[in-house]
Amino acid sequence: MNEHTDTPEKHETSLNLVPAQALKTTKYRYAGEPMEVEYWTEEFASLCPQDGSLKTGSLFVRYVPFAHLIELTSLGTYLSSYRKLAILHEHAVKRILDDLVKLCQPKSMTVEADFALQESMGVRAKAHYQRRGA
């Protein structure tokens, strides 16, 4: 029997706990000049949708800016709000990518998370965006 426990309906109201509108940008002064930016935290956390426990791991955001940089303090606030959200790691990575791409419209971006979950098991999820023509 294949049981699906993480349905959109189950977490629809909790998704509002992550305030994407709190994210801010600053102007990238060197638009047109390629540079890769990487932000990371070893304290990313979200709630397990199956048992409600807090799961922690590392999260990496790598991107090539187009016209805007992500403001770091607002990114930290945004990421820490996931501590209150019951979401699969894979879904969190995709949602973070979507929110950040919408925010800063980079040339490219990758969001990756690593979670050591149980003894010898872990999860690594990676989502990528590439602007057309970039």
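Observations
- Since only TYR78, GLN130, TYR30 are under comparison, the one whose Cα sits farthest along the positive direction of the charge dipole of the chain, derived from C-beta charges on Lys, Arg, Asp and Glu, is TYR30.
- For segment 9-104, the list of trypsin sites (Lys or Arg not before Pro) that fall in a loop by DSSP and count at most 15 other C-beta atoms within 10 angstrom reads ARG29.
- Once divided by 2.2 N^0.38 Å, the Cα radius of gyration of the chain becomes 1.10.
- Note on GLU119 and GLU42: their simple-model spin labels are 2.6 nm apart, each label 7 Å out from Cα toward Cβ.
- Here ARG29 and LYS102 are evaluated by their C-beta separation; at R0 = 22 Å the FRET efficiency comes out at 0.50.
- The distance separating the Cα centre of segment 110-129 from that of segment 69-108 comes to 15 Å.
- Once the Cα gyration tensor of segment 78-134 is diagonalised, semi-axes √(5λ) in Å: 24, 14, 7
- Anchor LYS27: lysines whose Cα lies under 28 Å away (excluding residues fewer than 8 positions away in-chain): LYS94, LYS102, LYS107, LYS126
- Taking GluC sites (Glu not before Pro) across segment 54-134, the ones in a DSSP loop with at most 11 further Cβ atoms lying within 10 angstrom of their Cβ are GLU119.
- Size of electric dipole in the chain: Cβ of Lys, Arg +1 and of Asp, Glu -1, about Cα centre, debye, nearest 20: 620 debye
The numbers here are math on the coordinates, done by the rules we state, and not lab data. Everything numeric in this text was worked out from a predicted model, so none of it was measured. As a convention, Cβ positions derive from the backbone with ideal geometry for all residues, glycine included, and neighbour counts pool all protein chains shown.
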